[in-house]
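The values are calculated or read from the model by the stated rules, or taken from the named source; none is laboratory data. It should be emphasised that the depicted structure is a prediction, and the values quoted were computed from it without experimental measurement. Cβ: placed from backbone, ideal geometry, glycine included. Neighbour counts: every protein chain shown.
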């Protein structure tokens, strides 16, 4: 099994997974590039990012012939993908590796630009200037075992909505606020709904008790996820056995 870490600009695609009505998905572009070098195997991946969501730490895996040297295969694929998708690394791993089921955690980052809005960041950040202290107060609630029953959109196809959260925090870097959320896994749009709820509290639109009530699946307060433009799948962690 070959495993690779990839980055991509989500604004160029309609999401990660293949779709019937369009070829503009990350999975389709990867399959086209692999087919061009004689690899027709199924692609496995750590998670399906939605339309407009970016990644610089997505993990994919596929089977490739034994004669391939990884540095040569990486070079061929990146040339074919034309910087729309980019392989940051490529290596062989054990045959029982699966980028989704073997992952111990996934980290997402959300970028907020706090200075004067610019069209050059429209696809890559949210324009806002929330209170950082209040934002971290709300994010701190997302730690330990969390039921995402009220923090996901339909289409998740999951009967178990409980996930283990390892850290959730925000920090200021120059003109950006960066939100980091790491958990064992997420449901569809979970991160965007969490960010939306925390931003609502940071803007004093809701009370901290209301955020807590939604976490406890007592009452839905925030139902509209924040824009996908500022969301990045930044890292997927595994045990040393695999990657």
- [ ] Working carefully through the options 128, 138, find the one that is over 14 Å from the mean Cα position of the chain (by Cα) and surrounded by 22 or more Cβ atoms within 10 Å (Cβ to Cβ).
- [x] 138
Open item on the list: Tell me the residue from 71, 76 that is within 23 Å of residue 56 (Cα to Cα) and out of contact with any strand residue (DSSP E or B) (no Cβ under 9 Å at 6 or more places or on another chain), please.
Closed with: 76
Task: Selected residue (only one of 154, 161 is over 21 Å from residue 126 (Cα atoms), within 18 Å of the chain's Cα centre (by Cα) and loosely packed, with under 14 Cβ neighbours inside 10 Å) - done: 154
- [ ] Quick one: count up the residues across the range 15-42 that are on the phi < 0 side of the Ramachandran plot and surrounded by fewer than 18 Cβ atoms within 10 Å (Cβ to Cβ).
- [x] 15
Open item on the list: Conditions first: (1) within 23 Å of residue 225 (Cβ to Cβ); (2) in the same structural domain as residue 229 (by TED's automatic domain parsing); (3) at pLDDT 95 or above. Residue 120 passes all but one, so which condition is the exception?
Closed with: (1)
Task: Selection within the range 81-115 - within 24 Å of residue 65 (Cα to Cα), in contact with a strand residue (DSSP E or B) (Cβ under 8 Å, 6 or more places away or on another chain) and in a loop (DSSP other than H, G, I, E, B) - done: 93, 97, 98, 99, 100
Task: Only one of 153, 174, 207 that is touching a helix residue (DSSP H, G or I) at 6+ places or on another chain (Cβ under 8 Å) and modelled with pLDDT of 95 or more - done: 207
Task: Residues of the range 200-227 classified as within 21 Å of residue 187 (Cα to Cα) and either part of a loop (DSSP other than H, G, I, E, B) or in contact (Cβ under 8 Å) with a residue 12 or more places away in the chain (or both), total - done: 17
TODO: Collect the residues in the range 216-237 that are surrounded by fewer than 21 Cβ atoms within 10 Å (Cβ to Cβ) and at negative phi, keeping them in residue-number order.
DONE: 216, 218, 219, 220, 221, 223, 224, 227, 229, 234, 235, 237
Open item on the list: Among the listed residues 193, 231, identify the single one that is touching a residue at least 24 places away in the same chain (Cβ under 8 Å) and more than 18 Å from residue 137 (Cα to Cα).
Closed with: 231
TODO: Could you tell me whether the range 26-35 includes any residue that is in a loop (DSSP other than H, G, I, E, B), under 14 Å from residue 233 (Cβ atoms) and not assigned by TED's automatic domain parsing to the domain that holds residue 164?
DONE: no
TODO: Assess whether residue 182 counts as being touching a residue at least 12 places away in the same chain (Cβ under 8 Å), closer than 30 Å to residue 122 by Cα and in the same structural domain as residue 226 (by TED's automatic domain parsing).
DONE: yes
TODO: Inspect all residues belonging to the range 107-114 and state whether any of them is farther than 19 Å from residue 203 by Cα and surrounded by fewer than 17 Cβ atoms within 10 Å (Cβ to Cβ).
DONE: no
- [ ] Sort out which residues of the range 122-154 are outside any loop (DSSP other than H, G, I, E, B) and under 20 Å from residue 111 (Cα atoms), and write them in order of number.
- [x] 126, 127, 132, 133, 134, 135, 136, 137, 138, 139
Open item on the list: Of the conditions (1) part of a loop (DSSP other than H, G, I, E, B); (2) closer than 18 Å to residue 133 by Cβ, residue 186 satisfies every one except a single condition; which number is it?
Closed with: (2)
